[in-house]
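Structure record follows, encoded as structure tokens.
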2 protein chains.
Amino acid sequence: MAIIVNKEKKRRNIAFACKDLLLENGINELTIAQIAKTAGVGKGTIYEYFENKEDIVFEIITVFIAEYEHRLLEIVDEKRSTKEKLFHFFYIIHGDEEGHKQLRIYREFLAISMTHGTREIMDFNRKCRDLFLDILSQIIEKGVENGEIPEQAHDMKSALLTFSLGLVVDTHTIGLDPKEEINGLLNTLFNFIEMKEKR
Amino acid sequence: MAIIVNKEKKRRNIAFACKDLLLENGINELTIAQIAKTAGVGKGTIYEYFENKEDIVFEIITVFIAEYEHRLLEIVDEKRSTKEKLFHFFYIIHGDEEGHKQLRIYREFLAISMTHGTREIMDFNRKCRDLFLDILSQIIEKGVENGEIPEQAHDMKSALLTFSLGLVVDTHTIGLDPKEEINGLLNTLFNFIEMKEKR
DNA sequence: TAAATAATGACTGACCATCGGTCAATAAGG
DNA sequence: CCTTATTGACCGATGGTCAGTCATTATTTA
């Protein structure tokens with residue numbers, strides 16, 4: 001009877017049309033008018049596809065996380081030591097230009113989660129954590145199988161992820177060097193482990 | 001010559017007048033008009049004492065951190081095991097009503113740091129971290145002296161603080177249980193350490 | 001079958017309410 | 001009477017709404 005558009009797709013298109021704008025200035029500097037203009041639609045249309053400004057960031061993050069997951073999964077089967085894999089697992093997002101861009105927006109998203117967090121956003125965050133937990137599990141499991149690390153390494157998973165999240169915040173709010181921090185932690189941890197193994 | 005007010009004091013008073021308001025709803029729900037009314041001053045007066053809305057949160061946090069520092073310092077000399085001290089060091093802010101209130105506002109502040117972060121705010125964050133690092137050092141140093149933990153425990157300080165920051169975020173964005181997470185981490189770490197010591 | 005008409009979802013931008021921030025005027029202390 | 005503090009009316013900008021328009025497809029009609 002009438003035009004039927006793929007809502008999901010259009011939502012994504014609009015969101016990504018203003019990705020660069022979002023990267024340049026934060027969400028706070030972005031106006032709905034700008035977004036609409038950049039996406040080439042009317043202001044009202046924005047509200048056909050998004051609840052509010054924050055919802056646009058949510059859409060972008062959803063895709064970013066999917067890409068990120070893909071990059072993390074590649075690490076699992078790399079031909080490296082477990083320690084190196086772990087380093088990459090935590091460092092990958094800090095390492096390249098693309099990651100930095102995503103990190104920039106992810107911080108905006110974190111800020112939103114902490115202040116405007118809807119149930120939907122919380123659920124998404126939980127899902128993400130479970131996902132990362134699973135990948136980390138795979139890396140550690142392989143390390144255990146190879147005899148590189150002890151079984152108990154699994155107990156560190158949750159704390160490691162929390163550390164990793166803290167690092168996302170700290171690298172920005174006080175300018176910590178991610179490489180140094182991650183290496184510092186892993187070295188110390190492996191130092192403990194090795195000493196134990198040499199029992 | 002003319003009226004002389006204690007700018008510092010008045011700034012603090014205004015900020016704390018709207019502390020409860022800030023706790024109820026976040027800063028985003030708060031309007032300058034509300035703040036002014038609650039503090040019993042004109043809207044223009046607010047801008048005599050604060051750069052902007054975010055600056056008000058900054059003022060409150062400054063005091064909170066000072067209180068928090070005080071509570072942390074008390075831990076150093078407690079008659080407990082190092083492990084227990086460490087648990088308290090990380091858990092104290094999650095533990096009681098007062099801490100929760102402060103956490104609520106601290107999260108607002110973190111969000112601001114990640115999005116509106118001025119140089120002044122970054123400097124403050126760095127100062128805070130150094131402060132916590134120092135207190136943590138003292139706790140660990142005592143533990144080393146008592147032979148409870150190895151010298152290398154010092155190498156974990158930075159990562160532990162980053163973990164702790166991540167926990168502040170995670171407890172809110174995905175509802176992690178702080179007690180469980182902190183205990184999980186400490187148990188695992190001490191497990192590693194003890195195994196090593198029994199060498 | 002083709003033209004006419006109806007139905008419906010997509011789209012729009014003028015409009016509105018609200019809010020952060022400014023400033024000219026006023027008050028008050030010394 | 002000068003200096004400092006205070007104020008709230010005012011302003012521009014912005015997020016969000018909604019009544020109306022448009023484009024496409026379904027249905028009817030001849």
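The values are calculated or read from the model by the stated rules, or taken from the named source; none is laboratory data. Because the structure is predicted, anything quoted here is derived from the model rather than measured. Positions of Cβ are backbone-derived with ideal geometry, glycine not excepted, and every protein chain shown enters the neighbour counts. Accessible surface is based on the protein model in full, side chains and every heavy atom, while ligands, DNA and RNA are left aside. Shrake-Rupley method; radii C 1.70, N 1.55, O 1.52, S 1.80 Å.
Among residues belonging to the stretch B:1-24 that are within 14 Å of another protein chain (Cβ to nearest Cβ) and in contact with a helix residue (DSSP H, G or I) (Cβ under 7 Å, 6 or more places away or on another chain), point out the one that is farthest from DNA strand D (Cβ to nearest atom). That would be B:LEU23. Contact map, the stretch B:47-76: residues that are more than 13 Å from B:ARG12 (Cα to Cα) paired with residues that are outside any helix (DSSP H, G or I) and of a type in the set (A, V, I, L, M), Cβ distance under 8 Å, separation 6+ or inter-chain. Pairs shown: B:LYS53/B:ILE27; B:LYS53/B:LEU30; B:GLU54/B:ILE27. For B:TYR49, the conditions (1) farther than 23 Å from B:VAL169 by Cβ; (2) open to solvent by 60 Å² or more (accessible area, probe 1.4 Å) are fulfilled apart from (2). Of the residues that make up the stretch B:172-184, is at least one more than 7 Å from chain A (Cβ to nearest Cβ) and within 22 Å of A:ILE193 (Cα to Cα)? Yes, the stretch B:172-184 contains at least one residue that is more than 7 Å from chain A (Cβ to nearest Cβ) and within 22 Å of A:ILE193 (Cα to Cα). Restricting the stretch A:145-157 to residues that are open to solvent by 30 Å² or more (accessible area, probe 1.4 Å) and either part of a helix (DSSP H, G or I) or without any contact (Cβ under 8 Å) to a residue 12 or more places away in the chain (or both) leaves a set whose member that is farthest from the other protein chains (Cβ to nearest Cβ) is A:GLU145.
Across the stretch A:25-46, the number of residues qualifying as without any contact (Cβ under 8 Å) to a residue 24 or more places away in the chain, within 14 Å of another protein chain (Cβ to nearest Cβ) and either buried (at least 17 other Cβ atoms within 10 Å of the Cβ) or within 13 Å of DNA strand C (Cβ to nearest atom) (or both) comes to 3. Across the stretch B:171-189, the number of residues qualifying as of a type outside the set (Gly, Ala, Ser), under 25 Å from B:ILE140 (Cα atoms) and in a helix (DSSP H, G or I) comes to 11. Take B:ALA111 and tell me if it is out of contact with any strand residue (DSSP E or B) (no Cβ under 6 Å at 6 or more places or on another chain), more than 8 Å from chain A (Cβ to nearest Cβ) and small (Gly, Ala, Ser). No: the conditions fail for B:ALA111. Of all residues in the stretch A:90-111, those satisfying the criterion of being open to solvent by less than 20 Å² (accessible area, probe 1.4 Å) and free of Cβ contacts under 8 Å to residues at least 60 places away in the same chain are A:GLY99, A:GLN102, A:PHE109, A:LEU110, A:ALA111.
If the condition is being open to solvent by less than 30 Å² (accessible area, probe 1.4 Å) and within 24 Å of A:ASN28 (Cβ to Cβ), then the stretch B:113-139 contributes B:SER113, B:MET114, B:ILE121, B:MET122, B:PHE124, B:ASN125, B:CYS128. What about A:GLY117, is it closer than 14 Å to B:GLY175 by Cβ, outside any helix (DSSP H, G or I) and at pLDDT below 95? So A:GLY117 passes the test.
Where residues in the stretch A:36-55 are aliphatic (A, V, I, L, M) and closer than 17 Å to A:ASN6 by Cα, which of them is nearest to DNA strand D (Cβ to nearest atom)?
Only one residue fits best here, namely A:ILE46.
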